[in-house]
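Student: Please read through the structure below; I'll follow up with questions.
The values are calculated or read from the model by the stated rules, or taken from the named source; none is laboratory data. None of these values were measured; they are calculated from a predicted model. Counting neighbours? That spans all protein chains shown, and the Cβs are built from the backbone with ideal geometry, glycine included.
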Amino acid sequence: MFAKIEKNQALTLGLIAALFLVYAYTTSLPRITDFIIFCIFVMGFDLLYGHMGQLSFGHMLYLGAGAYGCGMFAYHVSPNPFVCILMGILTAAGLAALLGQVVVKTGGAAFALLNLALNEVGAYLVLSPMHRITGGEDGLSLFFQSYGFINFGDSVFRFYFCLAVLLLVAFLLLRLVRSPFGNLLKAIKEDEVRARFLGYNTYLYKYVTFIISGAVCGLAGALTSVNLAYCNTSLIAPTRNVEVIFSALIGGAGSVMGAVVGGTAYMTISNYLAAYIVRWEMFLGIALLFFAFYFRKGIWGYARRA
Amino acid sequence: MINLIQSLLYGLTIGGVLYIISVGLSLTFGAMGIVNFSHGLVYAVGAYAVYTVAKLLGAGYLLGLVAAIVVSIPLSYLIERLVIRRLYGQAIDYAIIATYAVLLIGADSLRWVYGASPLPISDPVGVLWTFGGLQMPAFRLIIIILSGLIFIGLNLFFKKTLVGKIVVAGLQDREAVRSLGIKVERHFAIVFVIGSALAALGGALYAPLSTLDPYMGFEILILCFAVVIVGGMGNLTGTTIAAFALGMVHSLTAVYIVSSAADAAVYVVMAAVLIFRPIEA
Amino acid sequence: MLLSVDNLDIHYGHAQVLHQASMSLTEGELVCVVGRNGAGKTTLLRAIGGFMKPSAGDIVFKGEPMSGLSLEQVAQKGIKYVYQDKRVFGDLTVRENLELAAYPTGESMDSAIEKLVAIHPKMKKLLDAKAKGLSGGERQILLIGRALVGDPQLLLIDEPTEGLAAIIIGEIVDILLKMKSKITMVVVEQNLATVARLADRIYVMKEGVMAREITQREIIENPSNYEEEL
Amino acid sequence: MMAEPILSTKGITKRFDGLVAVDGITYEVGDCETSGIIGPNGAGKSTFFNLLTGYHRPSEGQVFFQGREITKVRSYQRVMIGIARTFQLVSVFDTMSVMENMMLARVRQGLEYRSKGRFFFGKLRTRRLEEECFQALETLGIADKAETRTADMSYGEKRELEIAIALSLSPKVLLLDEPFAGLSLVDIGHISEVIKKLRGRFTIVIIEHKISKLMDLVESLCVINEGALVCNGNPQEVICDPTVRECYWGKEDMVCY
């Protein structure tokens, strides 16, 4: 049944929308907005990890770049929310385009660790040398212009806006992974040399994927700073990389739907169960071990096969 | 000039500590193809062991060092047995995730016991060594000497002992060693424990130069990964050179640019190295 | 019967590379396995050596089933494998290479060195040289010498003459002939001339199947029949 | 005798850490010719192939294609100008269906996706592409397997699929690296038939270990031993050449002669 749902694009998107609407109106709207944004982040990350087969341990960098790109523009230049979000995406994509030149040439462990190291560098830059424009440790409080009903101060509007963005991103990513390009990504994941001998410049396509992934994560970052009306260093903290990796893993890597399921599952646990779990990180660690050893296909991966 | 010599000596200190910690990391990397985040946990445990013994029990720093090593042995044995051994031949991402999970569990346990706030340890020697205009805490000199001794000791270990030779051979061709009837994994486990004990020692040595917090392992670990990547995974000579070279970068940046940029400078060097010598692993 | 292999099937993923292969060896024999590239010779050898798990069939060594034993256990039972691509431990010296071989068997270093020098006296001078500096022939000799440590009952030798100069091939063949009376061997070899000199019995493999068994005499008398097989 | 060569090398050499794997080979193959490369294990055949396809960069020497030097042209670009290859160990993408495997190759060649947007956001499968792929599969006789997952196919079928994929790259030169390795006799017969069918349509170069398999397939045969080209010419002449016999049957022993 789940496999069939996934084949049908409209049904998938409809299901995602319905799930979040029901969830939001039975619990709390602002909280589910956080969930939605996080799911966008997971989708961006999973494009690299699940679809292309490269684990990045530093994608908080691109979330942070999006958040600060958006936040700094709003703070210093113009409070137009749409331009700010666009600036966030462009900052992250630009950064990915710059760093990707180096990063994409590595693979495996070096890829993961280089990303982590660059994330550290980014976090340091934001905290210290650039503190005049980033607000350093205090971060920036943001204000966004409203235009009639387009009011980012209103949590209901923010919810629907983020949901719409999520659906749009999911739609585009679904198209992307089911296009010839998506097929190529699968091929690169399995055997890059072989893909090259089909005439593809695999380095270029990996680079493009890295930029797309960075842009999607940047979008998630921009939405975060719009949603929170501030941005601070926690949005670029390297130690938080584990959240997105964990989400991709429990949801089921390599599937757009899996990213949504994983993101929602992780946020649900961390928001609602964390209050009852005294040692949160210990719990997270044990859960990670469990998933890494026994449950690698993730929730959606198993549901789809059943 | 004096300033330069002094910062070079500081660089040697950091390089020495990086070397002591990175050796184990590099071996697990090279011999088993595993990125071992839990190494950072052992490092932190070493530092906390010193804190417990030296400061809480008041038994002195030297006894603390011994305690750090003693504690690390059963801990790393358990990690090897329960986690690392199951990751042989698996995709690298699961190794990263699983060992990171161990780091999380361990760091949270440390926080549980000791609290989250940073804990200081004072310089155990407390003597300032002066020579001309040069000023240097004697403790830092001890670290340099100790790392030199460990370097010599490890080289002797790999050249002279049977276990060392098995590991050297196994780094090159694990299957061929097994086909002689030698249980390679068991010997790697010994070396894993030795590498972990060194990490604990590194934590114990570095603790007085910084402060303790449950997540201290994470920060230093990324520096050590940089060392291992720059030096070549599983390449012991490369690791040694890279540790001291990056230690210099760290210290010179701290003195001549700004101290908070030191870590970042190391990563930039690592990225630069990767531009010229891409690594697929 | 020292070794018997019955109806062995081996798969690499979905590809079946060995189909119901059977062979048997009595003590003291030297059996050659010939066949073209990809016929499954190396696979058969590696299966006996414990490197890969057969999907069906049995390997019985001295009346004891070998299936389920790890590579290390098979080696300790006295089956030693000599690699095809001259894989010595390059970072170790010749002496250290022997030392690793001696360690699990408990043999003394002196007798291990003695065995190596006995098969090739020139190795005495090279004992402290790093193995990566050795020539191809010397490496092959070291591999054979290393396998002899601990008095194994069965040697599996994969293409001992491959890629070597003609003179050295002659030396290697002489060494194998000298060992012949003392130890049971299975040798995979492509060179029919070598096979004709060495073998007591010859198995021909073809496309993963034991095609037939031939004798040394048949090769010597009518080599052109078998050139086709290679 | 030979028409203008389509693919040729001039003194090509490849060294790995001092080891000379390929030693100054000068080789050419004519348009629409079927040529075989044989040699004993470790003779440097595969390295030579890798130099032709751009997987390795030569230490010395040049590669020419249709009169143009392509020594520095990258492997994926060589595929685009018409040099396709298969691998010694069959490599098709196991996570995909047969059709998806075919599409991947065809899309890169096909006109359908000249527009970048459709490559990224278009449909994976279009009717026209599917028809083209079916044709290639039919040449190999595996059209009925189009929707099978590659992982569930036999090794022989995978080999056929691999050739079908190479075909859909519209090659001018098809390089087959040991196409018979690891196959059953029936499959070998099948692949031989396919190669016979394709012969004459474009240039085919086959690496083989065993001479007899190639005798009735190829128009010219070249022998590589110890990295060097020993002999090149008509298969009948080559097999009678004394140097060839020497490198196949050993030198000092007279038992065989």
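Student: Identify the residue in the range D:155-192 that is β-branched (V, I, T) and part of a helix (DSSP H, G or I) and, among all such residues, is farthest from D:T53 (Cα to Cα). Full working, then the answer.
Tutor: Initially, the range D:155-192 is screened for residues β-branched (V, I, T), giving D:163, D:165, D:173, D:186, D:188, D:191.
Next, only the ones that are part of a helix (DSSP H, G or I) stay: D:163, D:165, D:186, D:188, D:191.
Values: D:I163: 16, D:I165: 16, D:V186: 29, D:I188: 24, D:I191: 22 Å.
Result: D:V186.
Student: Taking A:L118 and the conditions (1) surrounded by 14 or more Cβ atoms within 10 Å (Cβ to Cβ); (2) touching a residue at least 60 places away in the same chain (Cβ under 8 Å); (3) closer than 21 Å to A:N227 by Cβ, which numbered condition does it fall short on, given that it satisfies the others?
Tutor: Only one criterion is unmet by A:L118, namely (3).
Student: Is it the case that some residue within the range A:187-195 is of a type in the set (V, I, T), within 9 Å of chain D (Cβ to nearest Cβ) and within 21 Å of the chain's Cα centre (by Cα)? Even if it seems obvious, please write down each step before you answer.
Tutor: Initial filter on the range A:187-195 (of a type in the set (V, I, T)): A:188, A:193.
Among the residues that remain, those that are also within 9 Å of chain D (Cβ to nearest Cβ) are: A:193.
Narrowing the set further to residues that are within 21 Å of the chain's Cα centre (by Cα) leaves none.
No, the conditions are met nowhere in the range A:187-195.
Student: Within the range A:155-191, track down each residue that is part of a helix (DSSP H, G or I) and surrounded by fewer than 18 Cβ atoms within 10 Å (Cβ to Cβ). Write out each step before concluding.
Tutor: Filtering the range A:155-191 for residues part of a helix (DSSP H, G or I) gives A:155-178, A:180-190.
Result: A:S155, A:V156, A:F157, A:Y160, A:A164, A:L167, A:L168, A:F171, A:L172, A:R175, A:E190.
Student: Condition first: among the acidic types (D, E), over 30 Å from D:I12 (Cα atoms) and either without any contact (Cβ under 8 Å) to a residue 60 or more places away in the chain or touching a Leu at 6+ places or on another chain (Cβ under 9 Å) (or both). Can you find one or more residues in the range D:83-96 that meet it? Outline the logic, then answer.
Tutor: Within the range D:83-96, the first condition is being among the acidic types (D, E), and the residues that meet it are D:94.
In the following step, the residues that additionally are over 30 Å from D:I12 (Cα atoms) were identified as D:94.
Add one more test, that the residue is either without any contact (Cβ under 8 Å) to a residue 60 or more places away in the chain or touching a Leu at 6+ places or on another chain (Cβ under 9 Å) (or both), and what stays is D:94.
Checking the range D:83-96: at least one residue is among the acidic types (D, E), over 30 Å from D:I12 (Cα atoms) and either without any contact (Cβ under 8 Å) to a residue 60 or more places away in the chain or touching a Leu at 6+ places or on another chain (Cβ under 9 Å) (or both).
Student: Looking at the range D:218-227, is at least one residue closer than 20 Å to D:I188 by Cα and either among the β-branched types (V, I, T) or without any contact (Cβ under 8 Å) to a residue 24 or more places away in the chain (or both)?
Tutor: Yes, some residue in the range D:218-227 is closer than 20 Å to D:I188 by Cα and either among the β-branched types (V, I, T) or without any contact (Cβ under 8 Å) to a residue 24 or more places away in the chain (or both).
Student: How many residues are closer than 17 Å to A:Y49 by Cβ and either of a type in the set (A, V, I, L, M, F, W, C) or surrounded by fewer than 24 Cβ atoms within 10 Å (Cβ to Cβ) (or both) when one looks only at the range B:97-114?
Tutor: Counting residues in the range B:97-114 that are closer than 17 Å to A:Y49 by Cβ and either of a type in the set (A, V, I, L, M, F, W, C) or surrounded by fewer than 24 Cβ atoms within 10 Å (Cβ to Cβ) (or both) gives 3.
Student: Please enumerate the residues belonging to the range A:254-306 that are among the aromatic types (F, W, Y) and out of contact with any Lys or Arg (no Cβ under 7 Å at 6 or more places or on another chain).
Tutor: The first filter runs over the range A:254-306 and keeps only residues among the aromatic types (F, W, Y), leaving A:266, A:272, A:276, A:280, A:283, A:290-291, A:293-295, A:300, A:302.
Passing the criteria: A:Y266, A:Y272, A:Y276, A:W280, A:F283, A:F290, A:F291, A:Y294, A:F295, A:W300, A:Y302.
Student: Still on this structure, I have one more. Cβ-Cβ under 7 Å, sequence separation 6+ or interchain: first residue in the range C:157-175 and within 8 Å of chain D (Cβ to nearest Cβ), partner surrounded by fewer than 18 Cβ atoms within 10 Å (Cβ to Cβ) and not acidic (D, E). Which pairs?
Tutor: Here the result reads C:E162/D:N41; C:E162/D:G42; C:G163/C:G136; C:G163/D:G42; C:A166/D:K251, each pair linking the range C:157-175 to a residue that is surrounded by fewer than 18 Cβ atoms within 10 Å (Cβ to Cβ) and not acidic (D, E).
Student: Can you find a residue in the range A:129-139 that is in contact (Cβ under 8 Å) with a residue 12 or more places away in the chain, more than 17 Å from A:F210 (Cβ to Cβ) and not in a loop (DSSP other than H, G, I, E, B)?
Tutor: yes
Student: I would also like to ask the following. Is there a residue being among the small types (G, A, S), surrounded by fewer than 24 Cβ atoms within 10 Å (Cβ to Cβ), more than 13 Å from the chain's Cα centre (by Cα) and outside any helix (DSSP H, G or I) anywhere in the range A:90-102?
Tutor: Step one: of the range A:90-102, the residues among the small types (G, A, S) are A:92-94, A:96-97, A:100.
With surrounded by fewer than 24 Cβ atoms within 10 Å (Cβ to Cβ) added as a condition, the list becomes A:94, A:97, A:100.
Next, only the ones that are more than 13 Å from the chain's Cα centre (by Cα) stay: A:94, A:97, A:100.
Then drop every residue that is not outside any helix (DSSP H, G or I), which leaves none.
Checked against the condition, which is being among the small types (G, A, S), surrounded by fewer than 24 Cβ atoms within 10 Å (Cβ to Cβ), more than 13 Å from the chain's Cα centre (by Cα) and outside any helix (DSSP H, G or I), the range A:90-102 yields no hits at all.
Student: Something else now. Restricting attention to the range A:205-228, does a residue exist that is of a type in the set (F, W, Y) and under 21 Å from D:R106 (Cβ atoms)? Break it down into steps so the answer makes sense when it comes.
Tutor: Kept after step one, since they are of a type in the set (F, W, Y), are these residues of the range A:205-228: A:205, A:207, A:210.
Next, from what is left, pick out any that are under 21 Å from D:R106 (Cβ atoms): A:205.
Taking every residue of the range A:205-228 in turn, at least one turns out to be of a type in the set (F, W, Y) and under 21 Å from D:R106 (Cβ atoms).
Student: Shifting gears a bit: Could you check how many residues of the range B:11-53 are modelled with pLDDT of 90 or more, over 12 Å from B:C224 (Cα atoms) and of a type in the set (A, V, I, L, M, F, W, C)?
Tutor: Qualifying residue count, the range B:11-53: 9.
Student: Turning to a different aspect of this structure: Report the residue count in the range D:77-86 for those that are facing another protein chain (nearest Cβ under 8 Å) and buried (at least 20 other Cβ atoms within 10 Å of the Cβ).
Tutor: Qualifying residue count, the range D:77-86: 3.
Student: Considering each of C:G163, C:G150 in turn, give the residue that is surrounded by 19 or more Cβ atoms within 10 Å (Cβ to Cβ), assigned to a loop (DSSP other than H, G, I, E, B) and of a type in the set (G, A, S). Quick ask: steps written out before the conclusion?
Tutor: On the way: C:G163 fails: surrounded by 19 or more Cβ atoms within 10 Å (Cβ to Cβ).
It is C:G150.
Student: In the range B:186-208, how many are farther than 18 Å from B:S26 by Cβ and within 13 Å of chain C (Cβ to nearest Cβ)?
Tutor: Final tally of qualifying residues: 1.
Student: Let me ask something else. Given the options B:M248, B:M216, name the one that is more than 14 Å from chain A (Cβ to nearest Cβ) and at pLDDT 90 or above.
Tutor: Details: B:M216 fails: more than 14 Å from chain A (Cβ to nearest Cβ).
Answer to the selection: B:M248.
Student: Same structure again: Look through the range B:167-204, keep the residues that are assigned to a helix (DSSP H, G or I) and of a type in the set (D, E), and return whichever of them is nearest to B:V66 (Cα to Cα).
Tutor: First, pick out the residues of the range B:167-204 that are assigned to a helix (DSSP H, G or I): B:167-172, B:174-179, B:184-204.
Next cut, of a type in the set (D, E) only: B:175, B:185.
Working: B:E175: 36, B:E185: 27 Å.
Selected residue: B:E185.
Student: Could I ask something else about it? Might you let me know whether the range B:163-176 holds any residue that is in contact (Cβ under 8 Å) with a residue 40 or more places away in the chain and more than 15 Å from B:M32 (Cβ to Cβ)? Steps first, answer last, please.
Tutor: First, pick out the residues of the range B:163-176 that are in contact (Cβ under 8 Å) with a residue 40 or more places away in the chain: B:167, B:170-171, B:174.
Narrowing the set further to residues that are more than 15 Å from B:M32 (Cβ to Cβ) leaves none.
The answer is no; no qualifying residue exists.
Student: Can you run down the residue pairs with Cβ atoms below 8 Å, 6 or more apart or on separate chains, where the first is in the range A:276-304 and more than 12 Å from chain B (Cβ to nearest Cβ) and the partner is at pLDDT below 90 and part of a helix (DSSP H, G or I)?
Tutor: A:K297/A:R305; A:W300/A:F2; A:A303/A:F2; A:R304/A:F2; A:R304/A:A3; A:R304/A:E6
Student: Hey, could you check the range D:1-60 for residues that are more than 15 Å from D:V230 (Cβ to Cβ) and of a type in the set (D, E) and say which is nearest to the chain's Cα centre (by Cα)?
Tutor: By that ranking, first place goes to D:E33.
Student: Also, quick follow-up: Name every residue in the range D:91-119 that is more than 21 Å from the chain's Cα centre (by Cα), more than 9 Å from every other protein chain (Cβ to nearest Cβ) and at pLDDT 80 or above, in order of residue number.
Tutor: Hits for the range D:91-119 are D:S97, D:M99.
Student: Considering only residues that are within 14 Å of chain C (Cβ to nearest Cβ) and free of Cβ contacts under 8 Å to residues at least 24 places away in the same chain, which ones fall in the range D:132-153?
Tutor: Narrowing the range D:132-153 to residues within 14 Å of chain C (Cβ to nearest Cβ): D:145, D:148-153.
Answer for the range D:132-153, where residues must be within 14 Å of chain C (Cβ to nearest Cβ) and free of Cβ contacts under 8 Å to residues at least 24 places away in the same chain: just D:D152.
Student: Right, here's the next one. Looking only at helices (runs of 4 or more DSSP H) that fall completely inside the range C:55-131, which ones have 2 or more residues that are at the interface with chain B (Cβ under 10 Å from one of its Cβ atoms)? Reasoning before the result, please.
Tutor: Numbers: elements: C:71-76, C:94-105, C:109-119.
In the range C:55-131, the matching helices (runs of 4 or more DSSP H) lie at C:71-76, C:94-105.
Student: Right, here's the next one. What are the pairs, 6+ residues apart or on separate chains, where a residue within the range B:251-269 that is facing chain A (nearest Cβ under 9 Å) and free of Cβ contacts under 8 Å to residues at least 24 places away in the same chain has its Cβ under 7 Å from a residue that is surrounded by fewer than 20 Cβ atoms within 10 Å (Cβ to Cβ) and among the polar types (S, T, N, Q)?
Tutor: Pairs found: B:S260/A:S128.
Student: Scanning for something among the basic types (K, R) and more than 15 Å from the chain's Cα centre (by Cα), does the range A:206-229 turn up at least one residue? If you could, list the steps in order and put the result at the bottom.
Tutor: Of the range A:206-229, the ones among the basic types (K, R) are A:206.
Checking which are more than 15 Å from the chain's Cα centre (by Cα) leaves us with A:206.
Yes, some residue in the range A:206-229 is among the basic types (K, R) and more than 15 Å from the chain's Cα centre (by Cα).
Student: Okay, next question. For B:G217, indicate whether it is buried (at least 23 other Cβ atoms within 10 Å of the Cβ), touching a residue at least 24 places away in the same chain (Cβ under 8 Å), closer than 30 Å to C:Y103 by Cβ and touching a Leu at 6+ places or on another chain (Cβ under 9 Å).
Tutor: Details: buried (at least 23 other Cβ atoms within 10 Å of the Cβ): yes; touching a residue at least 24 places away in the same chain (Cβ under 8 Å): yes; closer than 30 Å to C:Y103 by Cβ: no; touching a Leu at 6+ places or on another chain (Cβ under 9 Å): yes.
No.
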